[in-house]
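We did not get these values from a lab; they are worked out from the coordinates using the rules stated. In this text, all values refer to a predicted model and were calculated from it rather than measured experimentally. Counting neighbours? That spans all protein chains shown, and the Cβs are built from the backbone with ideal geometry, glycine included.
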């Protein structure tokens, strides 16, 4: 009787081991091989309702380049956050936080900026920007506001300059992926000509201050600055930016008038050594008449 029970136990154990071995072999045979590399341009994460909630993929920028983007999408279908690469002289990254209201779209950006200089930008529903950070390693604060005529007014304050700018905002098309080469080139020109300086307070690399006035086309028309000797100098220019007249108030006080080739054609001044003088010249700079 005891032997019969032992035999039954042995048989049961053998059956269990056999079934387990067969099951393991079957599971191993059905195992899916691991894919170490997956190549694709876009991945989407959807919720239980089939709505896209996150996208990892390649996006095309307004200038025709392709960048990597990770986007988080709200329940309403709008992008609420985005982490993407960008290239401004070199590879960099940018974090975007999007806001949506009845007035439109707003945006906050933290990016590497130009040449790796960090930049924080806030953009309201009117596409007006305020930013603080570094541009070409120069600390800069920008305040922007628009008027009803569609023109922007900007104030730029840097470590060595202060300027007031005016310019129309370029319109960025929503469907940038299908831009033609001509459309892309026009957009680049629009962004390059976005701002026209109307008033600028600056200093040269030598530390000499200057005040500049420009017309509606951004052409420099008048400037008041300190010359190399530290004295004041006032320059007036025509609509092409060529100098027309110059008033200097250093040791020699002088008013000079220039021709269309920006060459001095007449001048009047006072010298501490010779007293007052008057002079006219031809287009080659040769003196035609002078007094005394």
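Overview of values
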{"item": "Rounded, prolate or oblate (a/c below 1.5 giving rounded, otherwise prolate when a/b exceeds b/c) for the stretch 207-292 by Cα gyration tensor", "result": "oblate"}
{"item": "Footprinting exposure proxy for 253, 42 (fewest neighbouring C-beta atoms within 10 Å first)", "result": "42, 253"}
{"item": "Neighbour-count order for 47, 284, fewest beta carbons within 10 angstrom listed first", "result": "284, 47"}
{"item": "Relative contact order, percent, the stretch 207-292 [alpha-carbon distance under 8 Å, six or more residues apart]", "result": "15 percent"}
{"item": "Estimated FRET transfer efficiency (residue 34, residue 75; beta-carbon r; R0 35 Å; 0.05)", "result": "0.55"}
